[in-house]
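**Student:** The structure that follows is given in the form of structure tokens.
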Amino acid sequence: MLNYVDHPEGTSVNEEDTINIMLSELPKDVLNKIEVNGFDLICISDDAGKINYISESVKQVLGFTKLQLLGKSVFRYIMRDDQKYLRTYFDIKNSEEQKFYIHIRNQIGRYIAFETVMQVIRWEGQNRILSLSRDISDKKQAEEMLIRSEKMSIAGQLAAGIAHEIRNPLTSLKGFVQLLQGGVDSKSEYYKIMIDEIDKINSITSELLFISKPMTDDKNDENIYEMLSDVMTLLRTQANLYDIDLILEVDDELIVHCDRSQIKQVFINLIKNAIEEMTDGGKIHVLMKKIDNECLIAIQDEGPGIPRHLIHKLKEPFFTTKKNGTGLGLMISNQIIDNHKGRLEIESENGKGSRFCIYLPYR
């Protein structure tokens, strides 16, 4: 943590004034973009990440003075999990504009969420990297509130089916206890069945409790197959009520760096949507496999499909094709995947079902 004011290496106050003057010589399209969009932070760095220019707003946004940051590496202030993607951009020196969601450390050590647009520009006769950042903390808080609302809505919708699923093993357990009280033989066999029934109840209730928990923002290396299996356990009761078979096809057990609770929420949203679309029963295929440097999770249903002209609207907030839908599930899912540097692609044809493809970076 930096609590001191220092002059950057090789940068004097006069040189800083020169930098301010030279900022006006940025390409006209860049200056127009800055003026129109009103970014919170403007930063120019060399291809190693050394900061050559930082806007005066850094004091208000992060608490640092300009002189504390000039000459320092941008990577000193960016959350470790976000650095990998930024370093790739710096290494490749891609001339195309690219958007990142990153967390930048302020002077008191707290990380703030930013939406950052980066592009290579010509500045002072050299190629530099321009970063235009907007504080999205309030936006993320609003999204988290929507996610919590959607999670509780899902929990309520699943409650009846889960109660039925729990009642069945409880009835079995009651019967076995009565048999044991009567002094039957082969007790060890009954004990094993009873433990299996208890494990089934525990698995279902654990997943229901998971839905009710607040969203985290804690990324770790997670087994995608295990996460999908957990979600299948939770949703199988609802699928059975609709006469739907859930089929999981896995090439290999892949590990992805992600927030377990958030990605499981995406799986729940998409598979639950598929179930609700298939009112005449059928099969839902969930495929997981590695494609190049990505993990693909594809959810294919046999529902009525979505008209082509509506597909682009599915990720918009409050747009829904369901009578009692909130229109938030897909929007939330898309945002979660976007925050994981992944993408959500939707393929559908009216009358022929839909396919939702999640692509996540594989490591």
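The values are calculated or read from the model by the stated rules, or taken from the named source; none is laboratory data. The shown structure was predicted, so the numbers you read here are calculated from the model rather than taken from an experiment. Here Cβ is always computed from backbone atoms with ideal geometry, including for glycine, and neighbour counts include all displayed protein chains.
**Student:** Please work out if ILE268 is crowded, with 18+ Cβ neighbours inside 10 Å, outside any loop (DSSP other than H, G, I, E, B) and of a type outside the set (D, E, K, R).
**Tutor:** Criteria met by ILE268.
**Student:** Quick check: anything in region 192-211 of a type in the set (Lys, Arg), at pLDDT below 80, more than 30 Å from ARG80 (Cα to Cα) and loosely packed, with under 14 Cβ neighbours inside 10 Å?
**Tutor:** Scanning region 192-211 turns up at least one residue that is of a type in the set (Lys, Arg), at pLDDT below 80, more than 30 Å from ARG80 (Cα to Cα) and loosely packed, with under 14 Cβ neighbours inside 10 Å.
**Student:** Out of everything in region 28-66 that is among the small types (Gly, Ala, Ser) and either in contact with a Cys (Cβ under 9 Å, 6 or more places away or on another chain) or not in a loop (DSSP other than H, G, I, E, B) (or both), what residue ends up being modelled with the lowest pLDDT?
**Tutor:** Within region 28-66, the match that is modelled with the lowest pLDDT is SER55.
**Student:** I'd like the residue in region 67-93 that is at pLDDT 90 or above and of a type in the set (Val, Ile, Thr) and, out of all such residues, is farthest from the chain's Cα centre (by Cα).
**Tutor:** VAL74
**Student:** Look through ILE332, ILE297 and report the one residue that is under 30 Å from THR116 (Cβ atoms), at pLDDT 80 or above and of a type in the set (Val, Ile, Thr).
**Tutor:** ILE297
**Student:** Something else about it: Of the residues in region 94-115, how many are under 17 Å from the mean Cα position of the chain (by Cα) and acidic (Asp, Glu)?
**Tutor:** Qualifying residue count, region 94-115: 1.
**Student:** Which pairs do you get when a residue that is over 14 Å from SER229 (Cα atoms), found in region 243-266, comes within reach of a residue that is part of a strand (DSSP E or B) and at pLDDT below 90, reach meaning Cβ atoms under 6 angstrom, with the pair 6+ apart or on two chains?
**Tutor:** HIS257/LYS219; CYS258/LYS219; ASP259/LYS219
**Student:** Can you tell me how many residues within region 250-273 are closer than 13 Å to ILE358 by Cβ and either among the hydrophobic types (A, V, I, L, M, F, W, C) or not assigned by TED's automatic domain parsing to the domain that holds MET232 (or both)?
**Tutor:** Total satisfying the criteria: 9.
**Student:** Take region 223-253 and flag every residue that is modelled with pLDDT of 85 or more, farther than 17 Å from ILE284 by Cα and surrounded by fewer than 17 Cβ atoms within 10 Å (Cβ to Cβ).
**Tutor:** Across region 223-253, the qualifying residues are ASN223, GLU226.
**Student:** Counting only residues that are surrounded by fewer than 17 Cβ atoms within 10 Å (Cβ to Cβ), among the polar types (S, T, N, Q) and under 22 Å from ASP252 (Cβ atoms), how many does region 273-311 have?
**Tutor:** The number of residues fulfilling the criteria is 1.
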